[in-house]
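The values are calculated or read from the model by the stated rules, or taken from the named source; none is laboratory data. Every value quoted in this text rests on a predicted model; they were computed, and no experiment measured them. For neighbour counting, all protein chains shown are included, and Cβ atoms are generated from backbone atoms with ideal geometry for every residue, glycine included.
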There are 2 protein chains.
Amino acid sequence: MTRTPLADVACSIARATDLFGDAWTALIMRDVLTGVTRFDDLAHDLGISRKVLAARLSRLVEEGVLVRERYQERPPREHYRATPKGEELYPVLLALMEWGDRWYAGPAGPPARIRHLGCGRDTTPVSACAHCGEPLTVGNTTQLPGPGGRTGPGTRVLGPLLTAREDAPGAERPAEV
Amino acid sequence: MTRTPLADVACSIARATDLFGDAWTALIMRDVLTGVTRFDDLAHDLGISRKVLAARLSRLVEEGVLVRERYQERPPREHYRATPKGEELYPVLLALMEWGDRWYAGPAGPPARIRHLGCGRDTTPVSACAHCGEPLTVGNTTQLPGPGGRTGPGTRVLGPLLTAREDAPGAERPAEV
DNA sequence: ACCCATAAGTTCCCTCAGGGAACTCGGGTA
DNA sequence: TACCCGAGTTCCCTGAGGGAACTTATGGGT
């Protein structure tokens with residue numbers, strides 16, 4: 001499943017993509033979180049090969065993202081539900097959906113809306129600063145080494161944070177926001 | 001590159017994962033957005049096969065997520081930079097990183113920090129409601145059919161919307177927010 | 001002039017993960 | 001008894017990915 005030992009890398013994005021960086025996994029989580037929890041339903045809905053679906057589900061269960069639960073005794077039937085760890089992938093799905101809506105929605109508009117029950121309005125998800133609530137963008141953030149990062153030679157952080165090479169690019173990022 | 005014609009499905013998550021639902025693509029975007037923009041640097045940094053890197057980069061350029069730019073004439077040298085469409089993938093990366101931090105950071109803490117230049121503090125990204133600023137969770141949201149989706153029997157929403165596709169090849173520009 | 005280095009790919013071979021479809025297994029239901 | 005159902009598992013086959021060598025254009029060192 002793992003192309004490279006990404007899971008061992010000191011980068012949380014790499015750790016996350018090791019599990020989640022697969023189109024099927026994202027779509028499985030989307031389905032499970034929206035109520036499609038049974039094997040056959042998932043297989044039909046996604047058009048995924050049953051073999052791969054079984055592999056993905058057991059990986060997700062191993063990782064503690066889903067649990068396999070019996071929802072009926074006679075005959076015995078199992079389905080899959082999200083754990084808290086799985087539910088917390090929701091922001092990733094929202095971010096993907098928002099991006100897809102912005103760049104691929106047809107003239108009619110996006111295929112789905114998200115209603116926020118808290119304020120009762122249809123909304124769009126924004127990646128906000130936990131402290132001040134302002135949107136976080138490439139332009140208004142920097143990545144710094146964290147406590148859990150091995151800070152040896154060759155260590156990278158969010159990204160490179162690199163030993164980098166500001167020598168290369170002539171024009172740096174246009175810093176629009 | 002596409003396992004199934006996910007890109008044609010009327011679900012923005014499916015559309016997004018068709019491009020982004022690949023561990024390498026996510027990591028490439030992480031690198032490019034943090035300053036690793038040259039082919040060899042990316043190849044080294046990611047440990048990706050050069051063949052696959054070339055394929056991913058040209059796909060990302062095709063999709064308008066990256067641009068290939070000449071940063072030096074003699075000898076001719078090219079590198080890759082994010083377009084606005086590419087920069088808008090940042091929230092997805094932040095969401096992945098946040099999840100990875102929460103569930104995989106060692107006792108020492110996360111490997112990287114995000115400093116929000118707006119308020120000057122190290123922060124964590126929160127998926128917030130664009131209207132009221134409250135965090136969006138599985139529990140406090142519902143998914144409803146959107147204007148660009150089909151509302152027939154069997155239609156799902158956050159999900160496939162799967163009979164789908166009448167509006168598939170849609171416009172490229174997102175509505176300005 | 002000659003040799004080596006660098007950046008950015010391309011090409012080749014080989015393995016293994018994914019698609020597709022059939023098969024299994026436990027347990028109903030008519 | 002015969003026939004469904006849900007939930008997987010097994011089989012074969014193709015093609016995407018890993019790894020390493022090769023290419024092209026240019027510059028530097030001696």
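Overview of results
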| read-out | value |
| --- | --- |
| Selection status of residue B:91, within 16 Å of residue A:14 (Cα to Cα) and at pLDDT below 95 | no |
| Qualifying residue in region B:34-43 (condition: within 12 Å of DNA strand C (Cβ to nearest atom), within 8 Å of chain A (Cβ to nearest Cβ), free of Cβ contacts under 8 Å to residues at least 40 places away in the same chain and surrounded by 18 or more Cβ atoms within 10 Å (Cβ to Cβ)) | yes |
| Residues of region A:30-41 classified as closer than 25 Å to residue A:76 by Cβ and either among the basic types (Lys, Arg) or part of a helix (DSSP H, G or I) (or both), total | 7 |
| The one condition in (1) away from DNA strand D (no atom under 16 Å from the Cβ); (2) in a loop (DSSP other than H, G, I, E, B); (3) without any contact (Cβ under 8 Å) to a residue 12 or more places away in the chain; (4) not aromatic (Phe, Trp, Tyr) that residue A:75 fails to fulfil | (1) |
| Test: residue in region B:45-59 that is assigned to a loop (DSSP other than H, G, I, E, B) and either in contact with a strand residue (DSSP E or B) (Cβ under 6 Å, 6 or more places away or on another chain) or crowded, with 22+ Cβ neighbours inside 10 Å (or both) | no |
| Qualifying residue in region B:148-169 (condition: touching a helix residue (DSSP H, G or I) at 6+ places or on another chain (Cβ under 6 Å) and either at pLDDT 55 or above or more than 27 Å from residue A:47 (Cα to Cα) (or both)) | no |
| Scan of region B:18-31 for residues that are within 12 Å of DNA strand C (Cβ to nearest atom) and either in contact with a Cys (Cβ under 9 Å, 6 or more places away or on another chain) or under 17 Å from residue A:11 (Cα atoms) (or both), ordered by number | B:22, B:23 |
